[in-house]
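Asks: One structure, as structure tokens, below. Some questions next.
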Amino acid sequence: GTNSPPLQHTDELVLYRMAKLRSSSSLPVTTSQGPVASVPLSTRMCISAVGGMGAATFCHPIDVIRIQMQLFPYRGTFHAAKSIASTQGIGALYSGVTAAYLRQWTYGSCRMGAYSFMLNRAKSQRDGPVPFTQKLLMGCLSGGVGSFTGTPSELAMVRMGADKRLPEAERRGYKNVFDCIVRVAREEGPTAL
């Protein structure tokens, strides 16, 4: 039916709410305590960004290795990781992590926000389920919005991740992601972002 099963345990309730958030279903959620309010768009966007930041914390070293392998010669992934860690220190694998976090706040939250907004709007304008082709179009549009807003932080992440490997005279020595974005815009023009 359209009613959700009542939930007795707090753990079940949390898991059910998380599944409900992921499914973006318009069906009412009911617990043994009564109906549960839907998750606000701003909360969904924050959850998306924080989740992305958690993933970035673990995946960022792989991004740094990938970037440096594209710019400098290495024999392979493990050689690159070992070389970076031994010549620049283990912290070099986290060069530009602030940019990766900003990317998740801009790209991840904007993409989730735009998609959720369009999906909720489409659901409110129809009686039945939203067709797959319409959801696909919404996904493409929201991905485009997210990519547009996340590009400056992506650029900063690449620049910051490769900066320590450049010859001393060519290093830019960015202090953080904001310093990088501001300097790129000032020195190279806003279109460089």
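Asks: Would you check which residues across segment 181-193 are part of a helix (DSSP H, G or I), aliphatic (A, V, I, L, M) and open to solvent by 40 Å² or more (accessible area, probe 1.4 Å) and list them?
Replies: Step one: filter segment 181-193 for residues part of a helix (DSSP H, G or I), giving 181-188, 190-192.
From what's left, aliphatic (A, V, I, L, M): 181-182, 184-185, 192.
Hit for segment 181-193 is Val182, nothing else.
Asks: Give the residue that is nearest to Pro190 (Cα to Cα), with candidates limited to residues of segment 113-144 that are open to solvent by less than 70 Å² (accessible area, probe 1.4 Å) and hydrophobic (A, V, I, L, M, F, W, C).
Replies: Ala114
Asks: When segment 86-111 is examined, which residues are found to be open to solvent by less than 30 Å² (accessible area, probe 1.4 Å) and of a type in the set (Gly, Ala, Ser)?
Replies: Gly89, Ala92, Ser95, Gly96, Ala99, Ala100, Gly108, Ser109
Asks: Looking at segment 145-180 only, could you name the residues that are more than 29 Å from Ser86 (Cα to Cα) and surrounded by 14 or more Cβ atoms within 10 Å (Cβ to Cβ)? Show your work before the answer.
Replies: First, pick out the residues of segment 145-180 that are more than 29 Å from Ser86 (Cα to Cα): 145-152.
Selection gives Val145, Gly146, Ser147, Thr149, Gly150, Thr151, Pro152.
Asks: Tell me, which helices (runs of 4 or more DSSP H) wholly within segment 65-154 include 3 or more residues that are touching an Asp or Glu at 6+ places or on another chain (Cβ under 9 Å)?
Replies: Numbers: elements: 77-88, 97-103, 109-124.
Ranges flagged: 97-103.
The values are calculated or read from the model by the stated rules, or taken from the named source; none is laboratory data. As the structure is a prediction and not an experimental result, all values here were calculated from the model. Every residue, glycine among them, receives a Cβ derived from its backbone with ideal geometry; neighbour counts consider all protein chains shown. For accessibility, only protein heavy atoms count, side chains too; no ligands or nucleic acids. Shrake-Rupley method; radii C 1.70, N 1.55, O 1.52, S 1.80 Å.
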